[in-house]
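Data first, discussion second: the structure below is written as structure tokens.
Please treat every number below as a calculation from the coordinates, not as lab data. Computed from a prediction, not measured in an experiment: that's the story for all the values here. Positions of Cβ are generated from backbone atoms using ideal geometry, with glycine treated the same way; all protein chains shown enter the neighbour counts.
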Amino acid sequence: MAKYIQGKFVIKNTDKYIGKKQPTYRSSWEFTFMNFCDNNPNILQWASEAIHVNYRNPFTKKNTIYVPDFLIIYVDAQGVKRGEVIEVKPSKESTFEAAKSARDKAAVVLNLHKWDAAKKFCAQQGLN
């Protein structure tokens with residue numbers, strides 16, 4: 001069984017971090033993204049697990065909460081300030097083309113429902 005890197009991220013640029021708690025990374029991908037957010041001068045603000053999105057689980061049919069990995073506020077290449085919600089996932093849990101097992105395919109279905117709810121939430125909040 002593979003070991004996953006996990007831990008508390010030490011923020012260097014504390015003025016950029018707008019989360020309420022110290023960020024926790026649950027994979028090396030999340031750790032790398034946190035470093036990117038903390039060090040990139042175009043990222044003005046960022047937070048980890050700061051947003052809660054209501055959605056309906058397609059398997060249990062129950063209303064529940066999705067917590068996306070990141071919220072970032074940045075300046076794009078044209079100088080426009082933008083906000084985005086980011087989820088870090090492997091492709092096997094993101095697309096049916098990459099999903100190999102029944103578990104992977106179920107993860108894709110669940111994630112697509114979460115992301116659809118997140119898109120609606122973001123549209124209401126003026127985020128991408």
Query - Residue tally, condition surrounded by fewer than 16 Cβ atoms within 10 Å (Cβ to Cβ), in contact (Cβ under 8 Å) with a residue 12 or more places away in the chain and assigned to a strand (DSSP E or B), over the range 55-85 - result: 7
Query raised in the report: For the range 28-47, does any single residue satisfy the condition of being surrounded by fewer than 18 Cβ atoms within 10 Å (Cβ to Cβ), in contact with a helix residue (DSSP H, G or I) (Cβ under 9 Å, 6 or more places away or on another chain) and part of a loop (DSSP other than H, G, I, E, B)?
Result: no
Query - Asn128 in a helix (DSSP H, G or I) and under 14 Å from the mean Cα position of the chain (by Cα) - result: no
Report task. Can you give me the number of residues within the range 11-35 that are of a type in the set (A, V, I, L, M, F, W, C) and under 14 Å from the mean Cα position of the chain (by Cα)? Result -> 4
